[in-house]
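A quick write-up on the structure given underneath.
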């Protein structure tokens, strides 16, 4: 019976039906199901399918954002109920759009999908200076730093940020990922990044691989 309920949760995540999902999550909690079990068995499998469908072109960004928000609404109910040892995540990621760039749809989508894959995400926002990335690394001690740029003119800030992390003596403590429309695999390699995501789904797969 529980299996069917979790399958239904996954379907609601994929369909982007937030209110129905919240109601089902509350029902599961009333039945004594644990928050971690609901996330692992119901929400994450749904988001996993969304990521795959985005990759194959069966789902587009507006639908993916809707699914991500749907899951986020239920995560907000469940997160406070996670007990100590259950809050361990797939890894911690700091993500931000580099200085001079105010685009955030792609970055926010990556952040949501990373959360959907079980990562703890600290979303710094847009227009983040290299030194602000450095400060965030010192404060949050993440596993991965993710940078986004949508303008060719702001791409050099990625290189500057990596240099700033190096100068602060923190480069060997974090993996660096870059992405955004004008960013390429070659550019990522040239500036010494550890990973590149061509799209949000690919970025999440790369993050998982970097944590393996």
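The values are calculated or read from the model by the stated rules, or taken from the named source; none is laboratory data. These numbers come from a predicted model, not from an experiment. Using ideal geometry, Cβ is built from the backbone for each residue, glycine included, and neighbour counts are taken over all protein chains shown.
In region 199-212, the qualifying residues are those that are at pLDDT below 90 and farther than 14 Å from residue 48 by Cα, and the one that is farthest from the chain's Cα centre (by Cα) is 212. The set of residues in region 79-107 being modelled with pLDDT under 90 and in a helix (DSSP H, G or I) consists of 79, 80, 81, 84, 85, 86, 87, 105, 106. Checking the stated criteria, residue 52 turns out to be touching a residue at least 60 places away in the same chain (Cβ under 8 Å), surrounded by fewer than 20 Cβ atoms within 10 Å (Cβ to Cβ) and either assigned to a helix (DSSP H, G or I) or not assigned by TED's automatic domain parsing to the domain that holds residue 109 (or both).
For residue 51, the test of being farther than 18 Å from residue 76 by Cβ and at pLDDT below 90 is passed.
Only one of the numbered conditions (1) under 24 Å from residue 33 (Cβ atoms); (2) assigned to a strand (DSSP E or B) is not met by residue 112, and that is (2).
A single member of 64, 98 is closer than 23 Å to residue 140 by Cα and surrounded by 21 or more Cβ atoms within 10 Å (Cβ to Cβ), and it is 98. Within region 1-30, restricting attention to residues that are in contact (Cβ under 8 Å) with a residue 12 or more places away in the chain and not in a helix (DSSP H, G or I), the residue that is surrounded by the most Cβ atoms within 10 Å (Cβ to Cβ) is 16. Elements of the type helices (runs of 4 or more DSSP H) sitting completely within region 121-212 and holding at least 2 residues that are crowded, with 20+ Cβ neighbours inside 10 Å: these cover 130-140, 156-167, 200-211.
For region 196-212, enumerate the residues that are closer than 20 Å to residue 172 by Cα and in contact (Cβ under 8 Å) with a residue 40 or more places away in the chain.
Residues satisfying the conditions are 207, 208, 210, 211.
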